[in-house]
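Participant: Here it is, the structure in full.
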Amino acid sequence: MSPRGSGAEVPARPDFLMLSDASDLRSDVAIRPDALEPPGPSAAASHWHAVVIALVAFLAFANSLGNYFLLDDFWNLDWSSKLKWSEVFQPFRFGGQQEFGPYWFNASRINTHSGEAYFRPLVSVVYKGVGAIFGLDARAYHFSSVALHVLTSLIVLWLARMFFRRREPAFIVALAFAVHPAHAEPVQWLAANTHLIVGPFYLLAIGFFLRSRDGAGRPWHFAAAVASAVAALCSHELAVTLPAVLLLADWWSTQSTAPVPGQFRRMAWRVLPFAGITAGYLTWHFDVLRAMHTEMAGSTYLHDVSNPLEFARTALFQLTYGLSHLFLPFPFAPIDAQDVAPWIGKNPLAAVCAALLALLAWMWIKMGGRDSRMLLAAALFLIPFAPSLLVTPAERQLYVPSVGFCLLLGLLYERQTADGRSLRLPVIVLATLAIILTWSYNVMWSFPSNIARAQIEELRRQMPPPEPDSSVYLLNLWGPSFYMERMVATLSGDRNLDLQVLTIHPKLLPVGEYRVNNPLLQRFFAALLPGATGEAPVEMRWESPDVLRVQIHNGRFMRSLIEQTYPAAASVQVTGARVELDHFTAEVVAADSDGVETLRFHFQPGRKRTVFDLQGGTVRPVPVD
């Protein structure tokens, strides 16, 4: 067979796919999978590669084990703890009183928009399983995430061996995946473990499907591929892209054989079971997606597809942003096209993104040469990434697509070492730098979660014993502690505790002892998080024993990053607006186009209550004067 790479004696597709039967083995062709190889030094090296990948994948994220929970973690923990095992296959409920009950100003809370959201039963199984064994020990949950990353890294190694004759390029692929800093968010943030859960099943479906195409394949390989695809659909919505990936992989696996009549029809039939299951999933899931779109209307989370030109610009930016992050890892912030366009304009931004994508595509082609595996590597990034174009950018969206990028690195390594050149020292240096960078990102992620831990522990210490007819109110909740009131209620021993969040503080930095004094860092954070940095003191004053006046300076309520994602109702952001609740009434005293400046809370007379101010990462009771 003639090589496809530039000077590299490398087949254009997996060697094992070229053989119709194991008896076709020639001395110059190495069969994959490894199960067909006789025991020997090569098999021993294979085992050592797996051991090294597992150890390195664990080491890269080991310093995340001491982190706590934050943001949606609290919601997931609360949801899974209330869920019976017989109910894990119910879709999540999204919005309205159930999700935003303690947030009186939330739009879906006020408009009563609610419905079924994500169908991710295997996520509920993981949360319930860890919780049933370890309770609310954050270390156990973080260990489960690191263990899932180790498992996925090993599956990447197994899958990569189908693409390369030599073992070293496959090892490089798995090593790059194991230590890539872009995986910090999905491994660190428990609420992002959906990507860690779907990853193994998504890749197993591809691997078993390719094994079923091998002459030595067994019927159970195809059945395992179908089962893995179903499990992937029960983990995350990006699994709907699997049929497209499998169809392309099937086409790629037949590249070097002469076309035969009915070949494309047989390819379609092989992928048909996956397409049928996915079509059924999408049909059943349609109402779920529509309910979520209704609930999230007006937020920055979902992109508007009603304007094709605007969506095309947004998608172009998001694709550039994500792919650039894989080439050059940097602290990932939720920057959308709307955040950058005011600086240079929408059309110039689109032009810059198109130019950068063209440059990256050129680099991709130069790295991969004419090898058809380069096309499959690109597809393994683009196709799983496509559903992410509908929502705001996030680092976790790169977890599964990054496999395509890592395959590209393997192709580059293969080309550079085809003449026997050794690149082991540069690989060791780069892997070490990647681990150091990943550890740095782990430390960065530990900052918000451990502030949330400190505040929850302090609230537990200061809260009065649970008693009937009592309420707890939180002022100036720090954004990354969103939903922590659920943990407070659980740890208090009173799940029926009336706990309300009165305001969310709009600033992320500075908070507590974490202050940004370096002018360059101040400008950096101000650019990444416009409006979320700087001082914004809040003044509280009791006008009477039952009326509390709250005023913010150098900022506005209902303009935090959280309230852009889960929007505050427009109807409450006007002077004179009032919202009546069971035990208090919220009144907007002063508001303008920038948000709400002054609020007045009228509490139910005679009802026991405790008000805590969480401003600046601390916990201070607000006593009645």
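Participant: Being within 24 Å of Pro186 (Cα to Cα), surrounded by 14 or more Cβ atoms within 10 Å (Cβ to Cβ) and either touching a His at 6+ places or on another chain (Cβ under 9 Å) or not polar (S, T, N, Q) (or both) is the filter here; which residues of the range 424-442 pass it?
Facilitator: Within the range 424-442, Leu430, Ala431, Ala434, Ile435, Leu437, Thr438, Trp439, Tyr441 qualify.
Participant: Check Arg370, Arg460 and return the single one that is at pLDDT below 85 and among the charged types (D, E, K, R).
Facilitator: Numbers: Arg460 fails: at pLDDT below 85.
Among Arg370, Arg460, only Arg370 is at pLDDT below 85 and among the charged types (D, E, K, R).
Participant: Further question: Take the range 107-159 and flag every residue that is assigned by TED's automatic domain parsing to the domain that holds Ser228, closer than 24 Å to Leu233 by Cβ and not hydroxyl-bearing (Ser, Thr, Tyr).
Facilitator: Those that are assigned by TED's automatic domain parsing to the domain that holds Ser228, closer than 24 Å to Leu233 by Cβ and not hydroxyl-bearing (Ser, Thr, Tyr): Ala147, Leu148, His149, Val150, Leu151, Leu154, Ile155, Val156, Trp158, Leu159.
Participant: Within the range 112-140, take every residue that is hydrophobic (A, V, I, L, M, F, W, C) and without any contact (Cβ under 8 Å) to a residue 24 or more places away in the chain and give me the one that is surrounded by the most Cβ atoms within 10 Å (Cβ to Cβ).
Facilitator: Going through the range 112-140, the residues hydrophobic (A, V, I, L, M, F, W, C) turn out to be 117, 119, 122-123, 125-126, 130, 132-134, 136, 138, 140.
From what's left, without any contact (Cβ under 8 Å) to a residue 24 or more places away in the chain: 130, 132-134, 140.
Working: Val130: 21, Ala132: 11, Ile133: 9, Phe134: 14, Ala140: 14.
So the residue we want is Val130.
Participant: Looking only at residues that are crowded, with 20+ Cβ neighbours inside 10 Å and more than 17 Å from Leu408 (Cα to Cα) in the range 321-343, which one is modelled with the highest pLDDT?
Facilitator: The qualifying residue modelled with the highest pLDDT is Ala337.
Participant: Moving on. Of everything in the range 443-489, what is surrounded by 20 or more Cβ atoms within 10 Å (Cβ to Cβ) and in a loop (DSSP other than H, G, I, E, B)? Give them in sequence order.
Facilitator: The answer is Met463, Asn476, Trp478, Phe482, Tyr483.
Participant: Identify, from the list Leu70, Leu59, the residue that is of a type in the set (A, V, I, L, M), touching a helix residue (DSSP H, G or I) at 6+ places or on another chain (Cβ under 7 Å) and not in a helix (DSSP H, G or I). Spell out the reasoning first.
Facilitator: Values: Leu59 fails: not in a helix (DSSP H, G or I).
The match here is Leu70.
Participant: Same structure again: For the range 527-540, enumerate the residues that are outside any loop (DSSP other than H, G, I, E, B), surrounded by 13 or more Cβ atoms within 10 Å (Cβ to Cβ) and at pLDDT 70 or above.
Facilitator: Pass one, the range 527-540, residues outside any loop (DSSP other than H, G, I, E, B): 527-528, 533, 538-540.
Pick out the ones that are also surrounded by 13 or more Cβ atoms within 10 Å (Cβ to Cβ) and you get 527-528, 533, 538, 540.
Thr533, Val538, Met540 - these are the residues of the range 527-540 that are outside any loop (DSSP other than H, G, I, E, B), surrounded by 13 or more Cβ atoms within 10 Å (Cβ to Cβ) and at pLDDT 70 or above.
Participant: Arg165 passes all but one of (1) part of a helix (DSSP H, G or I); (2) surrounded by fewer than 24 Cβ atoms within 10 Å (Cβ to Cβ); (3) of a type outside the set (S, T, N, Q); which number fails?
Facilitator: Of the numbered conditions (1) part of a helix (DSSP H, G or I); (2) surrounded by fewer than 24 Cβ atoms within 10 Å (Cβ to Cβ); (3) of a type outside the set (S, T, N, Q), the odd one out for Arg165 is (1).
Participant: Next question, about the same structure. Restricting attention to the range 276-299, does a residue exist that is buried (at least 17 other Cβ atoms within 10 Å of the Cβ), more than 24 Å from the chain's Cα centre (by Cα) and at pLDDT 85 or above?
Facilitator: yes
Participant: Residues that are crowded, with 17+ Cβ neighbours inside 10 Å and under 35 Å from the mean Cα position of the chain (by Cα): find the strands (runs of 3 or more DSSP E) completely inside the range 546-611 holding 3 or more of those. Steps first, answer last, please.
Facilitator: Values: elements: 547-552, 578-580, 584-592, 595-603.
Per the criteria, 595-603.
Participant: What number of residues in the range 499-509 are in a strand (DSSP E or B) and surrounded by 19 or more Cβ atoms within 10 Å (Cβ to Cβ)?
Facilitator: Going through the range 499-509, the residues in a strand (DSSP E or B) turn out to be 499-501, 504, 509.
Right, trim to surrounded by 19 or more Cβ atoms within 10 Å (Cβ to Cβ) and you get 499-501, 504.
Residues in the range 499-509 being in a strand (DSSP E or B) and surrounded by 19 or more Cβ atoms within 10 Å (Cβ to Cβ): 4 in total.
Participant: Does Ala249 satisfy the condition of being under 30 Å from Ala192 (Cβ atoms), small (Gly, Ala, Ser) and at pLDDT 90 or above? Give the steps one after another, and end with the answer.
Facilitator: Details: under 30 Å from Ala192 (Cβ atoms): yes; small (Gly, Ala, Ser): yes; at pLDDT 90 or above: no.
Answer is no for this residue.
Participant: Taking the residues in the range 252-267 that are surrounded by 12 or more Cβ atoms within 10 Å (Cβ to Cβ) and out of contact with any Lys or Arg (no Cβ under 7 Å at 6 or more places or on another chain) as candidates, determine which candidate is modelled with the lowest pLDDT. Step through it out loud before you land on a result.
Facilitator: Let us first name the residues in the range 252-267 that are surrounded by 12 or more Cβ atoms within 10 Å (Cβ to Cβ), namely 252-257, 263-264, 266-267.
If we keep only those that are out of contact with any Lys or Arg (no Cβ under 7 Å at 6 or more places or on another chain) too, we end up with 254, 257, 263-264, 266-267.
Working: Thr254: 73, Thr257: 54, Gln263: 68, Phe264: 73, Arg266: 77, Met267: 77.
Here the answer is Thr257.
Participant: Can you name the condition, by its number, that Met463 falls short on among (1) more than 30 Å from the chain's Cα centre (by Cα); (2) more than 30 Å from Val611 (Cβ to Cβ)?
Facilitator: Looking at each condition in turn, Met463 falls short on (2).
Participant: Still on this structure, I have one more. Does Phe89 satisfy being farther than 27 Å from Tyr413 by Cα and outside the structural domain of Arg556 (by TED's automatic domain parsing)? If you could, list the steps in order and put the result at the bottom.
Facilitator: Working: farther than 27 Å from Tyr413 by Cα: yes; outside the structural domain of Arg556 (by TED's automatic domain parsing): yes.
Yes; evaluated as a whole, the condition is true for this residue.
Participant: In the range 204-232, which residue that is in a helix (DSSP H, G or I) and in contact with a Ser or Thr (Cβ under 7 Å, 6 or more places away or on another chain) is farthest from Val125 (Cα to Cα)? Lay out the reasoning, then the answer.
Facilitator: Step one: of the range 204-232, the residues in a helix (DSSP H, G or I) are 204-213, 219-232.
Now drop any that are not in contact with a Ser or Thr (Cβ under 7 Å, 6 or more places away or on another chain), which leaves 204-205, 208, 210, 213, 221-222, 225.
Working: Leu204: 19, Ala205: 20, Phe208: 24, Leu210: 29, Arg213: 32, His221: 25, Phe222: 25, Ala225: 21 Å.
Filtering the range 204-232 for residues that are in a helix (DSSP H, G or I) and in contact with a Ser or Thr (Cβ under 7 Å, 6 or more places away or on another chain), the one farthest from Val125 (Cα to Cα) comes out as Arg213.
The values are calculated or read from the model by the stated rules, or taken from the named source; none is laboratory data. Computed from a prediction, not measured in an experiment: that's the story for all the values here. Because the Cβ atoms are built from the backbone with ideal geometry, glycine has one as well, and the counts that use them run over all protein chains shown.
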